[in-house]
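Everything below concerns the one structure shown next.
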Amino acid sequence: MREELERLRDDFLLRDGAPVVWLDDVPGRGLGACSIAIGAFDGFHIGHARLIAEAVDDARSRGVSCVAVTFDPDPDCVVGPGPSLKLLGSSGRLRALAASGVDAVLVVPFTAELAALDHAAFFERVLAAAMNVVSVHVGSDFRLGRGGASTVDVMAAWGAAHGVDIVGHSLVLDGGRCVCATRIRAALSEGRLDEARRELGRRPMIEGVVGPGRGQGTGMGFPTANVAVPYGMQMPADGVYSAYALVDGAAWPAAVNVGIPPMFASSSASARLEANLLGFTGDLYGKRMAIAFDCFLRPSVRFASTEELIETVLADISHVAGSLVPGPIRLQPEA
C-alpha cells in the first residue's frame, strides 16, 4: 500500500517542489549564478527527467543553483503551424518541473517578439535580467531562436566566447527510438498505454471538471462522473480503462470510459470521459478531477441491449475492484 501511495503521488504530480517564478517578477539577476535546463517539457517524460538530473548534478558540482527554464504558452501555440495536443496542462507541467530536483522554475512568457530573437539576445537580454547563466543544458536536438536557427553547436560557439558551457545531452531511447512528446502522444492515441506509461515514467494523467451528463448511470447501478477535459489535451484511445481518480485530495479506483459510448452517441449530454469511482458516494458536480490511467480493459462496443451493457460494465467494475487498491487513498491533507 505504501508503495502504491507513493506512486500515486508521482502520477498526480503532488510532490512538494521548488518555487515557480515568472520572469517579470524576478528582480535584477535575483536568481544569482545558475546552471539551467531549457525546454517546453510537455508531459515531463523520462527524457526530461534525465536532462534535469544531469543539470542538477552540474549545478551542484559548480556550487550554483539549478533552474529549469520553460515557456508559457508552449512555443508551438505561437509559432507552430498548429499547436500539438498537450500531455499536461500548464499547471501540471509546472508542478512536474518544480518537483524534479531543481532549485527554481523560471517561466518565460512566450510571444511572437520573443520568438523573433536569436540565441544571443535571448541569453544576453532576456535571461540575464534574472540570473547569471554559467551553463546551459538542452537535448541534442534542441533549437532556439527565429526559425529554430540556433542549434546546440551554434549556441556552443556563443557560449565559448562568453564563458558559458552549453551542453547538448543525448536523447533517452526506448526500443531504439528517442523518447519524445510526439511519440507519447501517438502511443496514447493508438491505445499503446503501456508504452506511454513507460516513457512518461508514470501513469498518463488528465484533468478536468465534473459536469452534468446523461443521468442514466445511477439507474443502471454504476453512477458516473462526466469529466469535461480542456480543449487541446491528448486523450487516450477510445475504450474502457482501469484508473485512479483524484478528487478532494483522495484517489479512488475507477472504471473509465474514453470516447462517446456508441449506444449513446446521439445524446448531446454524453461526455468523452466518464468515470465510475468505486466506493465513492457524494456529489461531484463542479469538482476538479484528475484521472491516472492504469490499464486498457477493452474497446468501446455497441451492445445489443441495455442488459448486455449493464452486465459488461459491472464486469469492468469488478475487474477494477480486484486489481487496484480500494479507496479512498488520502494523498493530500483534508482541507
key: Selected residue (only one of F110, F123 is out of contact with any Pro (no Cβ under 7 Å at 6 or more places or on another chain) and surrounded by 14 or more Cβ atoms within 10 Å (Cβ to Cβ))   = F123
ask   = Any idea which of (1) under 28 Å from E311 (Cα atoms); (2) touching a Leu at 6+ places or on another chain (Cβ under 8 Å); (3) not assigned by TED's automatic domain parsing to the domain that holds G279 is the one L200 doesn't satisfy?
value = (1)
ask   = Can we say L97 is surrounded by 19 or more Cβ atoms within 10 Å (Cβ to Cβ), out of contact with any Pro (no Cβ under 8 Å at 6 or more places or on another chain), under 23 Å from V172 (Cα atoms) and touching a residue at least 12 places away in the same chain (Cβ under 8 Å)?
value = yes
ask   = Residues in the range 270-313 that are closer than 19 Å to V258 by Cβ, hydrophobic (A, V, I, L, M, F, W, C) and over 27 Å from the mean Cα position of the chain (by Cα): how many?
value = 4
Single unsatisfied condition, K287 versus (1) at pLDDT below 95; (2) in contact with a strand residue (DSSP E or B) (Cβ under 6 Å, 6 or more places away or on another chain) = (1)
query = When both residues are 6+ apart or on different chains and their Cβ atoms are under 8 Å apart, which pairs have a first residue that lies in the range 321-335 and is under 17 Å from D294 (Cβ atoms) and in contact (Cβ under 8 Å) with a residue 60 or more places away in the chain, and a second that is of a type outside the set (A, V, I, L, M, F, W, C) and loosely packed, with under 12 Cβ neighbours inside 10 Å?
reply = P326/G279; G327/G279; P328/G279
query = Within the group L51, L13, which residue is closer than 25 Å to L173 by Cα and either of a type outside the set (A, V, I, L, M) or part of a loop (DSSP other than H, G, I, E, B) (or both)?
reply = L13
message = Kindly evaluate V138 against the criterion of being under 19 Å from H169 (Cβ atoms), in the same structural domain as P73 (by TED's automatic domain parsing) and aliphatic (A, V, I, L, M).
response = yes
inquiry  = When you check G232 against the structure, is it at pLDDT below 95 and more than 19 Å from the chain's Cα centre (by Cα), yes or no?
reply    = no
query = Restricting attention to the range 254-275, does a residue exist that is modelled with pLDDT of 95 or more and assigned to a loop (DSSP other than H, G, I, E, B)?
reply = no
remark   = Scanning the range 46-82 for residues that are under 18 Å from G139 (Cβ atoms), free of Cβ contacts under 8 Å to residues at least 40 places away in the same chain and in contact with a Cys (Cβ under 8 Å, 6 or more places away or on another chain) gives C66
query = Scanning for something in a loop (DSSP other than H, G, I, E, B) and touching a Ser or Thr at 6+ places or on another chain (Cβ under 9 Å), does the range 87-98 turn up at least one residue?
reply = no
remark   = Of (1) under 15 Å from the mean Cα position of the chain (by Cα); (2) at pLDDT below 95, G211 fails just (1)
task = Just name the residue that is surrounded by the fewest Cβ atoms within 10 Å (Cβ to Cβ) out of those in the range 294-327 that are over 30 Å from E3 (Cα atoms) and polar (S, T, N, Q).
result = S305
ask   = Of the residues V138, V69, V126, V56, which is in contact with a His (Cβ under 9 Å, 6 or more places away or on another chain) and not in a loop (DSSP other than H, G, I, E, B)?
value = V138
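The values are calculated or read from the model by the stated rules, or taken from the named source; none is laboratory data. Treat the numbers as computed from the prediction; the structure is a model and nothing was measured. With ideal geometry, Cβ positions are generated from the backbone for all residues, glycine too; neighbour counts draw on all protein chains shown.
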